[in-house]
1. Can you give me the number of residues within the stretch A:329-361 that are surrounded by fewer than 24 Cβ atoms within 10 Å (Cβ to Cβ) and at positive phi?
2. Quick check on the stretch A:257-266. Is at least one of its residues farther than 25 Å from A:PRO44 by Cβ, in contact (Cβ under 8 Å) with a residue 12 or more places away in the chain and either within 8 Å of chain B (Cβ to nearest Cβ) or touching a Leu at 6+ places or on another chain (Cβ under 6 Å) (or both)?
3. Failed condition for A:PHE361, given (1) touching a His at 6+ places or on another chain (Cβ under 8 Å); (2) not in a loop (DSSP other than H, G, I, E, B), with all others met?
4. Being away from chain B (no Cβ under 12 Å) and either of a type in the set (Val, Ile, Thr) or in contact (Cβ under 8 Å) with a residue 12 or more places away in the chain (or both) is the filter here, so list the residues in the stretch A:281-324 that pass it.
5. Considering (1) closer than 22 Å to A:LEU153 by Cα; (2) under 19 Å from the mean Cα position of the chain (by Cα), say which one A:SER334 fails and leave the rest.
6. How many of the residues making up the stretch B:8-64 are at pLDDT 95 or above, of a type in the set (Gly, Ala, Ser) and not in a helix (DSSP H, G or I)?
7. What are the residues in the stretch A:362-374 that are within 11 Å of chain B (Cβ to nearest Cβ) and either of a type in the set (A, V, I, L, M, F, W, C) or on the phi < 0 side of the Ramachandran plot (or both), if any?
8. Looking at this structure, is A:GLY319 part of a helix (DSSP H, G or I), within 17 Å of the chain's Cα centre (by Cα), modelled with pLDDT of 95 or more and not acidic (Asp, Glu)?
Amino acid sequence: MTVSTAQVTAEPAGKFPKIDRFIVSVSLLGMALLASLIWLETAPFLVGLFFVGALLGIALYHGAFGFTAGWRNWVVSGNGTGLRAQLFLLGLACLLIVPVVSGGIEGTAGTIAPVGVSLVVGSFLFGFGMQLGGGCGSGTLFTVGAGNLRMVLTLVFFIFGSVIGTLHLPFWLDAPGTDPIQLAASLGPWGAIALQWAVLAGLWWLIGRREKRMTGKTSHGLLERDRSVSVVRTLLTGRWPFLWAAVVLAVGNLLTVILSGTPWGVTFAFALWGAKIAQFIGFDMTQVEFWTWDYGALALRDSLLVNVPSVMNFGLLLGAMLAAGMANKYNAGSQNPLVWRSVLAAVIGGSLMGYGARLGFGCNIGAMFSGIASASVHGWIWFASAFVGSLLGIKARPHFGLGN
Amino acid sequence: MEQMYKRWRVVVIMIAILVAVMADHLRSPTFAFNMGQGGQTTLMQRDLGACAPCGAPCPSARKE
C-alpha cells in the first residue's frame, strides 16, 4: 500500500501515518539474518559497523542527504541549503575526527591519499558522472536500498567502472603526484581544524552571497521540517531536517573510526564485488596489480563479511530500505517509465563514477567527507575537481532528458 | 491503493543477495578457519603502510 507525500503529510497531527509493513518486515528480517551471520562467523566489531551502516542509510534517506542534488541546486537556482548542510557536515566531522586520528585514540588512522594527476582526473570524472548517474556513491546506494530501479542500473555500471578503474589505477599512479599531505602533521590537530574551518567559513559566505544575488535572499533551511508533525514521528518516518542528518552522518563516521580504525568509505566495496564477480565468471583478478596490494589481496581472497566497506554497505542498503518502508515510499522513485536517454545517462554516469572513484581514491564519502574529516589535502582537491566535473555534468543533463 | 512494487520481486532479490553473500562466504578462508579446516581469517584487513584507502602504495615508494 502506498500513499503520496501529500497524503502522508495530510494525516492529522498525532496520528501515525501508514507504514509499509511488508518492506519494514523484510528489511528488519534481512538485518537480523545478516547481523546474526556476521556475529556467528566474524567478530562483534563488524556487527557494530553493520548497524552503523544501517543508521547511516536511515539518515541519508530520511534526510534526503544527496551531495549531487545539493551541488546542482546551488549551481542552477542558487539555493545553497544542501551545500551548506554539507559544509556543516564537514566542519563537524573534522572537529570530531581529526583529534581522534591524530593520536587521540591509538590504532586509528585518518583517510589519506596521494595528491596528483590520478586524484584530479578521477574526481573530475566522478563529478561529471554523478550528475548523469543521479547520485554519488552513498546516494546511489541509499536510493537502491529505497527501491529505485534506475539507480540499480547506475550501481551495476558503477561496479563495472570500478573494476576497469582497478585495472588502470597503477598506470595513473605513475603519472606525476606526491605522497599524502596531512595538515595535522604540520599544523597539529587544532591548527588543522582551525584552518579547515576558516576555509569552510569562506565557502559558506561565498555560497550565501551567490544565493542572495540569484534569489534575493539567503535560505536558512538547515532545521526546516514540517512543524505539524511531532519530532518522534519525523524521526521515524522523515523527512529529517538537513542538520539532523548531518549530525548522524558525522557521528556515524566517528563511530566507524572507533570501531574499524579508519573513517567511512563506500566505493572500495564496489570494486571488490565486481572483482569477485569477474573471478566467478573466469577472470583471474589475482594477476591484476591492484589486487596484489596487501589490502586488495586480502579482501579478494576472503569473505565479504570481513570486509568493512562491504559490511557497512549492506547495512546502509537495508537501513535505507527500512527508512523507505517507514516513510511508505519504497520504490517511489521508479514510478516514471525509463526512457532510453535516461538509461544511457545511468550507464555513462555509473561507469564514470566507478572509474573515477578508483583513480580519485573514493567518492564524496571516502575521499571528500572522510578525507577532509582527516585533514588530508586530497579531500579538498577532490572536492574542487569533482565540483568542476559536476558543472559540466549539469550542462550535459538536458541532453539526456534529465531536468535541472 | 495500487502498490508500487511486486512483493515477490523484493523477496527474490533479497534471497539472491543472501545466496550470493553466503556462496562467497562458504568458499572463504574465514569459513574454513571457523570450521577448523585450517586457513586464516583476515578480520583486520587494514594495511597501515598503504597510501590510500584502497591499499595503493605511495608515489615515492613506486619510484624506488
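1. Matching residues across the stretch A:329-361 total 1.
2. No; the residues of the stretch A:257-266 include none that is farther than 25 Å from A:PRO44 by Cβ, in contact (Cβ under 8 Å) with a residue 12 or more places away in the chain and either within 8 Å of chain B (Cβ to nearest Cβ) or touching a Leu at 6+ places or on another chain (Cβ under 6 Å) (or both).
3. With (1) touching a His at 6+ places or on another chain (Cβ under 8 Å); (2) not in a loop (DSSP other than H, G, I, E, B) applied to A:PHE361, the lone miss is (2).
4. Result: A:ILE281, A:MET285, A:THR286, A:VAL288, A:MET312, A:GLY315, A:LEU316, A:GLY319, A:ALA320, A:LEU322, A:ALA323.
5. (2)
6. Residues in the stretch B:8-64 being at pLDDT 95 or above, of a type in the set (Gly, Ala, Ser) and not in a helix (DSSP H, G or I): 4 in total.
7. A:CYS363, A:ILE365, A:GLY366, A:ALA367, A:SER370, A:GLY371, A:SER374
8. Criteria met by A:GLY319.
The values are calculated or read from the model by the stated rules, or taken from the named source; none is laboratory data. Small disclaimer: the values here were computed from a predicted structure and weren't measured. Neighbour counts run over all protein chains shown; Cβ positions are idealised from the backbone, glycine included.
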